[in-house]
Structure formats: C-alpha cells, structure tokens
Amino acid sequence: MRIVMASDHGGLELRQMVLEHVRERGYEVVDLGTHEAASVDYPDYAVMAAEKLRNGEADRAVLVCGTGLGISMAANRHKGIRAAVCHNEFEARMSRQHNDANVLVLGGRVIGPGLAASIFDAWMSAEFEGGRHQNRVDKIESIDG
Ligand code: RB5
C-alpha cells in the first residue's frame with residue numbers, strides 16, 4: 001500500500017515524525033512536502049495529495065496542517081476523497097469502519113507524535129464495514145453542491 005503524505009508549515013514537524021513511523025510500519029510513502037518552515041498555503045498540498053489518490057498513484061493519504069481543519073476542508077472538495085480529522089484512536093477507527101475515510105488528517109499544533117502514530121495505526125488496521133454504511137458513503141459521493 002502506498003501512502004501519500006503532505007502538510008503545510010503548520011504540520012511540517014508532525015508530518016516528518018509520522019512519516020518515519022509510517023515507513024517503519026513498512027508502507028511506501030510518497031512525500032509531497034512542504035520541506036521548509038516557510039509559510040505555504042495548505043490548499044495547495046491538499047490538491048496535490050488528492051490528485052495522487054484520484055489518479056491511483058497512492059491508496060491512502062495522511063495530511064497535516066496546524067489544526068487539521070483547513071487541509072481537510074480543501075481535501076474534501078474533491079470527488080472520491082473522504083478526509084477525516086482525527087484526535088484519537090476511536091475517531092480513526094470509526095472514520096474507516098463507517099465512513100471509509102481514505103485520508104487521515106492530523107493537527108500538528110493539536111496532538112503530539114506518540115498519539116499521532118497510535119492514531120495512524122488504529123486508522124490503518126480498521127476496515128470499512130460496508131452494508132448500511134456503504135449506502136451513506138454513496139450518498140456523500142452523490143452530493144454535487
Ligand atoms: C497556518 O498558520 C494554519 O492556518 C494552518 O496550518 C491550518 O491550521 C489551517 O487550518
């Protein structure tokens with residue numbers, strides 16, 4: 001499984017820490033940056049990551065900004081992208097089991113690296129349950145506002 005990772009400056013430090021953890025778990029990572037502390041715009045990184053998912057170059061994404069909010073809003077504007085901001089393992093599991101989230105979003109100024117790694121593990125190990133949840137995810141996908 002290939003995981004694309006991206007962040008703005010607000011998520012840079014946490015992304016770099018989580019990236020190490022993701023590689024240690026044996027996943028292939030496509031790292032889109034940012035690589036410097038200079039201020040950048042989080043929507044640009046959400047767009048780049050969404051493109052990698054939509055064209056099949058990656059299977060999942062992990063995005064980070066300061067709060068996780070802005071980059072998730074930008075990611076969720078793309079068809080087929082279901083980005084979930086998670087602050088704990090329960091949210092991470094539920095975002096997979098019920099929402100089939102294909103993007104995990106973390107807040108670099110909200111949580112620390114230990115919790116982030118644990119959230120990532122919970123997210124990766126949970127499976128979408130389908131059934132009634134598939135119907136709801138289909139309804140999300142059919143929204144064309
Ligand atoms: C950048 O200062 C900050 O606004 C960004 O990282 C993020 O928190 C936005 O939602």
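Each value in this text was obtained by applying a stated rule to the coordinates, not by laboratory testing. Owing to the predicted nature of the structure, the values given are computational and were not obtained by experimental measurement. A quick note on method: Cβ atoms are made from the backbone with ideal geometry, for glycine too, and the neighbour counts reach across all protein chains shown.
Residues in the stretch 108-145 that are farther than 22 Å from LEU69 by Cβ and part of a loop (DSSP other than H, G, I, E, B): ALA126, GLU127, PHE128, GLU129, GLY130, GLY131, ASP144. Within the stretch 56-107, the residues that satisfy the criterion of being within 19 Å of ARG23 (Cα to Cα) and either out of contact with any strand residue (DSSP E or B) (no Cβ under 8 Å at 6 or more places or on another chain) or assigned to a loop (DSSP other than H, G, I, E, B) (or both) are GLU57, ALA58, ASP59, ASN102. Residues that are in a loop (DSSP other than H, G, I, E, B) and charged (D, E, K, R) were ranked within the stretch 1-25; the one that is farthest from the ligand (Cβ to nearest atom) is ARG25. Looking only at residues of the stretch 52-72 that are without any contact (Cβ under 8 Å) to a residue 40 or more places away in the chain and away from the ligand (no atom under 15 Å from the Cβ), we find that the one that is surrounded by the most Cβ atoms within 10 Å (Cβ to Cβ) is ARG54. Only a single criterion out of (1) crowded, with 20+ Cβ neighbours inside 10 Å; (2) out of contact with any helix residue (DSSP H, G or I) (no Cβ under 6 Å at 6 or more places or on another chain) is not satisfied by LEU115, namely (1). As a summary of the residue check, ALA75 satisfies the conditions (1) within 15 Å of the ligand (Cβ to nearest atom); (2) surrounded by fewer than 19 Cβ atoms within 10 Å (Cβ to Cβ) except for the one numbered (2).
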